[in-house]
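The values are calculated or read from the model by the stated rules, or taken from the named source; none is laboratory data. From a predicted model like this one, the values you see are computed outputs, not experimental measurements. Here the Cβ is made from the backbone with ideal geometry for all residues, glycine too, and neighbour counts use every protein chain on show.
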Amino acid sequence: MNNQYICPLCRGHLRVGEYIVFKIRNTRREKGLLLIHPELGNYSSIKHPQFHFEEGERIDFFCPLCLQSLDAALDANLVHVVLIDEYMKEHEIYFSRIAGEKSTYTVSDEGIKATGEHSHRYTIFKMSDELLEHLDI
């Protein structure tokens, strides 16, 4: 798996070894680092054992390089990063910022691929292109 993940804002590389690195903040405004597995649909992660967040808590994600928010414009509960595959093709990746919610979307010229047991919750990815244009998203 040679996929690279980059910040959509600064274009800095987020993948280090076998993890994607994010700066995060919980609802108590405590900050930490979160390492997420780069395989789409694999929701394993690593964080410091003293950094806590609860199931269902909305976690803020930031680029660890430019420190900008990775909020997705499409939905307040989604995070946005860019995946560059082994053929150097870019894909927009959206995933849930809600702790414990397993929802990931890959958006590219080939269409939209939803992954995760909770992916049905975000209906924006089920709308037609015509409707999305009308909504100016």
Counting only residues in segment 12-47 that are in contact (Cβ under 8 Å) with a residue 60 or more places away in the chain and not β-branched (Val, Ile, Thr), the one surrounded by the fewest Cβ atoms within 10 Å (Cβ to Cβ) is identified as 41
Among residues of segment 97-111 being assigned to a strand (DSSP E or B) and in contact with a His (Cβ under 7 Å, 6 or more places away or on another chain), the residue farthest from residue 58 (Cα to Cα) is 108
Screening 124, 36 for residues that are at pLDDT below 90 and aliphatic (A, V, I, L, M) leaves only 124
Return yes when residue 105 is touching a helix residue (DSSP H, G or I) at 6+ places or on another chain (Cβ under 8 Å), among the aromatic types (Phe, Trp, Tyr) and either modelled with pLDDT of 90 or more or within 18 Å of residue 11 (Cα to Cα) (or both) and no when it is not.
-> yes
Screening 22, 62, 95 for residues that are of a type outside the set (Ser, Thr, Tyr), closer than 19 Å to residue 122 by Cβ and modelled with pLDDT of 95 or more leaves only 95
Flagged pairs (Cβ under 6 angstrom, 6 or more apart or on separate chains; first in segment 107-118, surrounded by fewer than 17 Cβ atoms within 10 Å (Cβ to Cβ); second at pLDDT 90 or above and among the basic types (Lys, Arg)) are 117/102; 118/102
Discussion item. Take residue 86 and tell me if it is farther than 12 Å from residue 41 by Cα, among the acidic types (Asp, Glu), part of a loop (DSSP other than H, G, I, E, B) and at pLDDT below 95.
Written reply: yes
If we keep only residues of segment 72-91 that are in contact with a Leu (Cβ under 8 Å, 6 or more places away or on another chain) and of a type outside the set (A, V, I, L, M, F, W, C), then the residue farthest from residue 120 (Cα to Cα) is 90
How many residues of segment 52-68 are exposed (fewer than 14 other Cβ atoms within 10 Å of the Cβ) and not in a loop (DSSP other than H, G, I, E, B)? The answer is 0
Flagged in segment 84-100 as touching a residue at least 40 places away in the same chain (Cβ under 8 Å) and crowded, with 21+ Cβ neighbours inside 10 Å, in numbering order, are 93
Of those in segment 1-19 that are more than 20 Å from residue 71 (Cβ to Cβ) and assigned to a loop (DSSP other than H, G, I, E, B), the residue modelled with the lowest pLDDT is 1
When every residue in segment 20-32 that is in a strand (DSSP E or B) and touching a Gly at 6+ places or on another chain (Cβ under 9 Å) is compared, the one farthest from residue 66 (Cα to Cα) is 25
